[in-house]
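Below: the structure, in C-alpha cells.
The values are calculated or read from the model by the stated rules, or taken from the named source; none is laboratory data. As the structure is a computational prediction, the values presented were derived from the model and not from experiment. As a convention, Cβ positions derive from the backbone with ideal geometry for all residues, glycine included, and neighbour counts pool all protein chains shown. Accessible surface is based on the protein model in full, side chains and every heavy atom, while ligands, DNA and RNA are left aside. Shrake-Rupley method; radii C 1.70, N 1.55, O 1.52, S 1.80 Å.
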Amino acid sequence: MQTPFRTAAVLGAGVMGTQIAAHLANAGLTVHLLELPSPKGSKNDLVEGAFKKACKQSPPIFYSQQAVKRVILGNYEEQFDRLAGVDWVIEAVVENLAVKQELFARVERTVGPDAVIATNTSGLLIHQVAEGRSKSFRQRFLGTHFFNPPRYLKLLELIPTADTDPAVVERVAAFGRDRLGKGIVVAKDTPNFIANRIGVFVSMLGLRSFIRGDYTIEEIDTLTGTLVGRPKSATFRTADLVGLDTLLYVADNLYPAIPHDERRELFQPPELMRKLVATGTLGAKSGQGFYKKLEGEIRSLNPKTFGYDSPRPVNLGNLDGLKKQDLAERLRHLYKERNRAGDFFRQTMLETLAYSANRIPEIADSPADIDRAMAWGFGWEIGPFAIWDALGFDRVIQDMTQSGLTLPPWVKRMQETGATGFYSADPALTAPSVYVPGESYVALDVPTNELHLADLSDRPLLWHNSEAALLDAGDGVALFEFRSKANTLSTKVVEGLDAALDWLEIHDNFHGMVIGNEGPNFCVGINLAEVGKIAQWENLNPLNRNHHTIAKLLHDVQTLVQRIYYFPKPVVAAIQGRVLGGGCELAMACPHVVADAETYIGLVELGVGLIPAGGGLMRLARWASQRAISDEPADILPWLKQVFRTVGMAQVSNSAHEGIELGFLPATTQIVMNGDRRLYAAKQEVLCLHRMGYAPPPRQPIPVLGQPARAILEHMAYVMHAGNYISDYDRSLANRLAYVLTGGDLTVPASVDESYLFNLERDNFLPLIDEPKTKERLLHMLKTKKPLRN
C-alpha cells in the first residue's frame, strides 16, 4: 500500500512555486513554502510578499480560505530545517542549473531518508540537476513539470532518470492522479519533455506563416483555435498569455539542445521575436504583445511598423458551415479544402503530425502519451495521432511523402502490416488500444476507479427521449444523462427525469440513480430561449396572459425536485463545471452529491431579472437555520444575511469547497480532485447508501424570521443601492428575495413547511416575466452570454 503524502515543502515562492504550494494545500497537505531571506526587514518579507500577491490572483489558486491556512511560510536561513520532517520536497527556483544543483546539495543534507525529492522545471535535463548527489538521493529524485496554472491545467509530466526507483514514480503518479486531479504522462529526460517540445513546434509554425506574410495574425488564430479543436487563445493569444520573453527563452534553450532534430531550424527564434522582447513588448504582462487593446478595440501587431492595426476581415472563405459539424468532420473538411484556409491547415498539420511521429521513441514510447500531453497541457480536444486517424491514416502518409516530409521507420512498418490507424477499435481486442512501436497494439491504461459514458455504450439503454437518457451503469445503478444543448434544464429534461424516476420506482433490481454527464458543465440552468419563446407566445395569446404554461412548468420543476429529494432510493448528483440557476437547484435537490473540485455553483437568476423558484431559496432558508447554534432568530439571522448577500449578488462559488461554505452543497459532499473519477465515485455512493439501508431525509419544518428580519435584509439592499453597488431594479429584485426568505407576510418568526416557501417562490417569480427590465436582461444574456445590470 502506498503511503499518501501529508506534508510537503516547496522551495521558491515565484509564480510556479506559490501555485504548486497552493494546489498541494488544496489537496489537504500541510505545505512549507520557503524563499530566500529578505536582505532588509523581516527575513520573511520576500516570501510573505510573494504569497500575498499570489492570494490575489484571478482566477484564484486556492479552493477556499481553509486551504490558504495550510501553507506555512518561511525562509532558507531560519526554516530550512523543516525539510527534515516533510514527505515531499519540490524545488521551483530559477531555471539555472548551477543554482538548482547548489540548492539540492543542501537539501540532501537536511531532508529525511524517505522523502521524495523533485525538481519542477520546464526545460533543464533532470539527470544533470541530480549530478553530484548520492545514489540514495537519486533513487528518490525525479522531475515534475506542472503546467501553469497548476490548479487549472490537467497535465503533470513526470520525468524519472535512469536512477529513479520505479516505485517512487508510481507513488507520485498515483498521488498526482488521485489527489491532485492530474493527468499523468511519464516523459523521457529530453529537452522540453513532451508537451512543450510539440507545442513550441506548433507555435513556431504559426509564427513562420505570419513572418512570411502569408497570413495575418487573425487568420492564423482563426485556423489554430476552436475551429480545429484547440483553445480559443489559439497561437498568438496563447503566446501573449505565456509571455513572449518566456517563449524566446524556451526557444533559445531548445535550439542548441537538439542538434539531431530534423526540424531544428524552425526553433531558431526569428528576429521579430527578439526585437519585441528587447523593446519590452512581452504580451499580456506588459499590456501589449501580438495583440493590444486600444480605444476599446483589440488590435494586432504590424510587423513592419511595430504599431497595432485594427482587425481586418479574414480571407479564409466561408467557415460558418464547418462550425456546425463535429470535430472529426470539420478537420476532414478543412483538410480537403483547396483554398487559403485548407492550404494552411493541411501544410501545418502534415508538418505537426510528421514531427510528432519522429519524436517517438525520443521523447515518448507511445502515441497516446503525446496525445494526452497535448490534450491535458495545451487544451487540444484530440492530440496529433488521433487527428491523424480522423484524417485517414494512409491518406496522410501519402500526402507527407508527396510533401517531402520525413517519416520514421516505425510508421512505415506499421503501414506494411496493414494497420489503418494508431488507435484500434478491433472487437477482437478486449479494451481500447493504441499502437506502440515494437509491441503492436497495447491496451490503453485507464484506472479502474474511473467510469466514462463511453464505457456504457454497449450496455442497455433503459429509457430516452430527444434530450435525455437513462443508462445502465452496472451493478444495479442507473445513470441519468443530460443530452440537451449546453446541458440546459429544458422541458424535455424535466420530463425525462420524471420518467426516469418512474422507471426506477418499478424496477426492484435497480438500487438507485446517478444524475450526471461528461460535458464541461453539469447544467447551466433553465433553457432561457425556451422560456422566452413560451412567454412570447403567451403574451400573444389572450387566453394565456397569466402565464399558465410557465406556471405549469414551474410547478412541474418544484414537484420534480421534491420527488428527487424524498425518493425512496438514493439519487446522487455527479456535478462538475458550471452548475447554475436551475442546475444548482437540481443539485441541491439531491441529498447526496459527488462534486468535481472544479465546480462553480450558484443561483444566478437575478442576473436575468428573475429569482430562484425551483426550491433554491427554500433550501437555503433551511440551511441558514441549520447552521445556527440555536433556533433563536438572533442566531439564524447572520446566516440568513449571508444567503441574502450570496443570492442577491448572484455569487458563484470558485470551487466545490466554497460551494459547501455558501450553502449550495451539503456538508457531506464527496469532492474528487480528479474529475475522471466523478461518475465512478457517484456510482459507489449509490451502492454504499443502498447497502446501508437507505432512507430518504425526514420532512421537517423550516424556521422563518418574518417581517423584522425582512426589514433588516431590505435595509442591506438599501445600503448597497445608496452606494451605487446595485441598480434600482437589483434592489427591487432583492426585496423580493427578502420577502421569500423571511416567510412573506408573516409578522413574527414561525415554522413553515416546504410547500409554503415553494408557493412564495412561484408567486414572486411569475410577475417578473412581464417586467421590461427582466426582458432586457434575458435578451442580453441570450445574445451575449453575459449578464446585464440595468
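List of remarks:
- Candidates 34, 103, 73, 46 - the one that is at pLDDT 95 or above, open to solvent by 10 Å² or more (accessible area, probe 1.4 Å), in contact with a strand residue (DSSP E or B) (Cβ under 7 Å, 6 or more places away or on another chain) and in a strand (DSSP E or B): 73
- Selected residue (criterion: nearest to residue 411 (Cα to Cα)) from residues of region 441-450 that are open to solvent by less than 60 Å² (accessible area, probe 1.4 Å) and at pLDDT below 80: 444
- Positions within region 250-280 being assigned to a helix (DSSP H, G or I) and without any contact (Cβ under 8 Å) to a residue 12 or more places away in the chain, in sequence order: 256, 264, 265, 271, 278
- Residue within region 624-647 that is more than 30 Å from residue 150 (Cβ to Cβ), of a type in the set (D, E, K, R), touching a residue at least 24 places away in the same chain (Cβ under 8 Å) and buried (at least 24 other Cβ atoms within 10 Å of the Cβ) present: no
- Boolean, residue 569 is touching a His at 6+ places or on another chain (Cβ under 9 Å) and modelled with pLDDT of 85 or more: yes
- If you go through region 231-244 and keep only what is open to solvent by less than 50 Å² (accessible area, probe 1.4 Å) and in a helix (DSSP H, G or I), you end up with 236, 238, 239, 240, 244.
- So residue 228, is it in contact (Cβ under 8 Å) with a residue 40 or more places away in the chain and open to solvent by less than 20 Å² (accessible area, probe 1.4 Å): yes
- Region 245-263 - residue that is surrounded by fewer than 17 Cβ atoms within 10 Å (Cβ to Cβ) and of a type in the set (Asp, Glu) and, of those, farthest from residue 378 (Cα to Cα): 262
- Given (1) within 22 Å of the chain's Cα centre (by Cα); (2) touching a residue at least 60 places away in the same chain (Cβ under 8 Å); (3) assigned to a helix (DSSP H, G or I), index of the condition residue 664 fails: (3)
- Residues considered: 706, 723, 693. Of these, the only one that is without any contact (Cβ under 8 Å) to a residue 40 or more places away in the chain and open to solvent by less than 50 Å² (accessible area, probe 1.4 Å) is 723.
- In region 194-209, the residues that are acidic (Asp, Glu) never reach a residue that is part of a helix (DSSP H, G or I) with C-beta atoms less than 6 angstrom apart, at least six apart or across chains.
- Extreme residue, nearest to residue 386 (Cα to Cα), among residues of region 318-352 that are not in a helix (DSSP H, G or I) and not polar (S, T, N, Q): 326
- Tally of residues being outside any loop (DSSP other than H, G, I, E, B) and of a type in the set (A, V, I, L, M) across region 57-70: 2
- Selected residue (only one of 229, 296, 289 is modelled with pLDDT of 95 or more and on the phi > 0 side of the Ramachandran plot): 229
- Residue 311 being of a type outside the set (Val, Ile, Thr), closer than 22 Å to residue 212 by Cβ and open to solvent by 30 Å² or more (accessible area, probe 1.4 Å): yes
- Within region 379-392, the presence of at least one residue that is open to solvent by less than 10 Å² (accessible area, probe 1.4 Å), within 27 Å of residue 318 (Cα to Cα) and without any contact (Cβ under 8 Å) to a residue 40 or more places away in the chain is confirmed.
- All positions within region 167-206 that are touching a Lys or Arg at 6+ places or on another chain (Cβ under 8 Å), open to solvent by 10 Å² or more (accessible area, probe 1.4 Å) and in a loop (DSSP other than H, G, I, E, B): 181, 190, 191
- The condition of being of a type in the set (Val, Ile, Thr) and more than 24 Å from residue 440 (Cβ to Cβ) holds for residue 314.
Yes or no, residue by residue, for (1) modelled with pLDDT of 85 or more; (2) open to solvent by less than 30 Å² (accessible area, probe 1.4 Å):
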| site | (1), (2) |
| --- | --- |
| 436 | yes, yes |
| 439 | no, no |
| 455 | no, no |
| 458 | no, no |
| 462 | yes, no |
| 470 | yes, yes |
| 475 | yes, no |
| 485 | yes, no |
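- Search result, residues across region 148-170 that are over 28 Å from residue 60 (Cα atoms), out of contact with any Leu (no Cβ under 6 Å at 6 or more places or on another chain) and not aliphatic (A, V, I, L, M): 161, 163, 165, 166, 170
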